[in-house]
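Input: a single structure, listed below in C-alpha cells.
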C-alpha cells in the first residue's frame with residue numbers, strides 16, 4: 001500500500017545574521033512534527049532553507065567588506081550548521097540564491113505580468129530598511145516602524161504592483177469554507193478583521209533602490225521584492241515550473257500539508273501567498289500554523305536589545321535533547337513561551353534528571369541486581385498492574401490526538417504523565433520489599449517487566465521530540481523501536497530479554513549557581529541584573545462597599561479575538577473581546593505594556609456591565625482588569641487555568 005504523502009515547510013531563515021534560539025525553535029518544532037508523521041507511516045517531505053535577498057543583506061555585506069553572495073554563503077552555512085546541530089531531519093535545504101529558484105521566480109513574475117495581475121507604478125511612503133517595508137503615517141507607532149520600532153525615512157521609487165484586491169473575495173470565501181486553513185483560530189480572526197475585511201491595498205513586488213535581488217528579466221533595473229521571491233520557495237523547491245514542466249515530485253507533494261511559521265509573518269503566508277497561488281492557478285496549502293514566540297525573560301529576543309540566546313551555546317551547556325525538550329515543552333499553543341537559564345535548569349532537574357532519568361536508571365539497576373539483567377514476564381499480576389497498563393495504552397492515543405492539532409507541548413506532557421505513573425508504580429509495588437521474600441520472586445519479575453514495557457512505549461513515543469534520548473533508552477533496555485500502531489499494544493517487549501549491565505545517566509542534575517557562574521564568565525558584559533527583591537505595595541484605602549454593591553458588578557472571562565491601536569492615542573488599544581456568544585469592544589490604556597499582536601488570543605478578566613463610554617472618540621463597552629506596580633507597569637489579570645470565554649468570575 002502506497003504511503004500517504006505529507007509535505008511540510010518552515011519559514012526560510014533570513015540571512016542577516018546567526019539565528020537565535022527563538023528562530024531555532026521553529027526548526028525543532030517542525031522536526032518533531034515531521035518525525036511523528038513518519039512514525040505514523042506518512043511519506044514525509046520536510047523542506048527548510050534560507051531567504052537571501054534584499055537591501056538589508058546588501059548593506060550588511062558592504063559593512064563587512066564582502067560581496068552579498070559571499071555574505072549570504074557564510075550565514076546560510078551557519079544556519080544549516082545550527083539546524084543540523086539540533087538534529088533537524090529535513091529533506092531539502094533550499095536557498096533563494098539557488099539558480100533554479102531564481103529562474104522560476106523570473107518566470108512567475110513574467111507570467112503574472114502578462115496576465116495582468118502585475119502592473120508598473122510608483123511607490124511613495126515611509127520606508128523601514130531592516131523590515132524592508134513601506135508604511136503610511138497612520139501606521140507608524142510614535143513615528144517609528146510598527147514592526148521593529150526603528151526609524152523610517154521618506155522614499156519614492158518606481159515599482160511593479162500586484163493587484164491583491166482582485167483575489168480578496170475569493171480568499172475570504174476560502175478561509176470561511178476551510179476553518180482549519182489558518183491556525184490557531186486567533187490568527188485567523190486577526191487576518192480577517194484587521195486586513196481582509198477592511199480591504200486590501202495593492203502590493204509592491206519590485207524595487208529599484210538596491211541591486212541585491214532577482215532581476216526582473218524584462219525590466220532589469222527592477223529586482224523582485226522579498227515576498228514574491230521568498231514565498232515561492234515552497235513550490236520551486238519541489239520542482240514547480242510555471243511553463244507547465246513541473247516535476248513528478250511537485251505533482252506528488254503540492255499542495256503543502258503544513259506551512260509552519262512564526263506568528264509575526266502570518267499575514268504574508270495567509271494573505272499574500274494564497275493570492276499568489278490563486279493567480280498561478282494552484283491549490284492552496286492545507287494549513288498555515290503561526291506559532292508563538294519564545295521570549296528571553298520578559299521580551300522578544302533581539303540583537304539590538306542584547307538579550308539573545310543561541311542554540312549552540314545552550315547545547316554546549318545542556319545537550320541537544322535537553323534543549324529540544326525545553327523549547328517544545330515550554331511553548332504554549334497560542335501564547336508566547338519564556339526561556340531563561342533558571343527555567344532551563346529547573347526543567348532539566350525536575351523532568352529530565354528526576355522523572356525520566358531516575359526512572360530508567362532505577363529500573364535497569366533493579367533488573368540487574370535482582371535477576372542479572374534478564375527481564376521476564378512471570379504472569380504474577382495484581383490490580384495495580386492494570387492501572388499502569390491502562391495509562392501506557394491510552395498514552396499513544398492521547399499523543400496522536402494532541403499532535404493532530406499541533407499541540408506539541410501537550411503531547412510531551414502526556415508522555416511524561418506515563419513516566420510519572422511508572423515512578424508511582426515503583427512506590428506502590430516496592431520491588432525492594434518483594435526482593436526480600438522468596439515467594440514473591442515471580443511477582444518482582446512481573447513488576448520489573450511492566451516497568452520495562454511501559455518505559456519502552458514511552459521512549460518510542462518520545463523519539464520525535466528527543467530522538468537521541470529515545471534511542472539511548474531503547475538501547476539500554478535492548479528494546480526495538482515501535483510504530484505508532486505497535487505502541488498501542490502491551491506486552492511486545494520479549495520476555496527473557498537482557499537489559500544493559502551498565503546503565504548510563506541520561507541527564508545529570510545541575511547546580512543553578514554553577515551554571516549562572518559559567519554564563520557570567522561567557523557573557524560578563526551582558527549578564528542579567530540580579531532580581532530585585534519583591535516588595536509589597538500599600539494603597540490608600542477606598543470607602544468600604546457592601547456585598548450588594550459588589551453583586552452589581554458582572555465579571556466574566558473574555559477572549560481577545562482582535563486588537564488594534566487607537567489612532568492619535570499614545571496609550572490606548574481597542575480590543576474585540578468574545579464573552580460567551582457576544583463580542584464587546586473594549587478600549588484600554590495598556591499600549592505601554594502590550595502590543596496589539598500580544599493581546600490577540602489572551603483570556604482575560606472583564607468587567608462586563610460597565611456603562612459604555614467613548615475614549616478618544618472610540619466606544620468602549622467594558623473594562624479589562626489589570627494590575628499596576630509602583631513604576632506604572634501593567635499586567636493583565638488572567639485566569640490561572642484555561643476557562644471558556646464567558647465563564648463567570650465570582
Please specify each residue of segment 175-193 satisfying the condition of being under 22 Å from residue 228 (Cβ atoms) and surrounded by fewer than 21 Cβ atoms within 10 Å (Cβ to Cβ). 175, 181
Scope segment 134-145; condition assigned to a strand (DSSP E or B) and either in contact with a helix residue (DSSP H, G or I) (Cβ under 7 Å, 6 or more places away or on another chain) or farther than 26 Å from residue 106 by Cβ (or both); matching residues: 135, 141, 144
With 131, 148 as the choices, which residue is touching a strand residue (DSSP E or B) at 6+ places or on another chain (Cβ under 7 Å) and outside any helix (DSSP H, G or I)? 148
Yes/no for residue 123 being modelled with pLDDT under 90, under 19 Å from residue 16 (Cα atoms) and not in a loop (DSSP other than H, G, I, E, B): no
Those residues of segment 564-573 that are touching a residue at least 40 places away in the same chain (Cβ under 8 Å) and surrounded by 22 or more Cβ atoms within 10 Å (Cβ to Cβ) come to a total of 0
May I ask you to verify whether residue 379 is surrounded by fewer than 16 Cβ atoms within 10 Å (Cβ to Cβ), over 20 Å from residue 423 (Cα atoms) and either in contact (Cβ under 8 Å) with a residue 60 or more places away in the chain or more than 20 Å from the chain's Cα centre (by Cα) (or both)? yes
Just checking, how many residues over segment 40-74 are crowded, with 22+ Cβ neighbours inside 10 Å and not in a strand (DSSP E or B)? 7
Unmet requirement for residue 30, which otherwise passes all of (1) touching a helix residue (DSSP H, G or I) at 6+ places or on another chain (Cβ under 6 Å); (2) buried (at least 24 other Cβ atoms within 10 Å of the Cβ): (1)
State which residue pairs qualify: first residue under 16 Å from residue 102 (Cα atoms) and inside segment 240-257, second residue outside any loop (DSSP other than H, G, I, E, B) in any location, beta carbons under 6 Å apart, and separation of 6 or more residues or different chains. 240/250; 242/107; 242/108; 242/111
Residue check, residue 281 over 28 Å from residue 55 (Cβ atoms), at pLDDT below 95 and outside the structural domain of residue 599 (by TED's automatic domain parsing): no
Subset of segment 604-621 (residues that are crowded, with 21+ Cβ neighbours inside 10 Å and under 32 Å from the mean Cα position of the chain (by Cα)): 604, 606
For residue 576, which of the numbered conditions (1) surrounded by fewer than 22 Cβ atoms within 10 Å (Cβ to Cβ); (2) under 20 Å from residue 147 (Cβ atoms) fails to hold? (2)
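The values are calculated or read from the model by the stated rules, or taken from the named source; none is laboratory data. No experiment lies behind these values; they were computed from the predicted model shown. Here the Cβ is made from the backbone with ideal geometry for all residues, glycine too, and neighbour counts use every protein chain on show.
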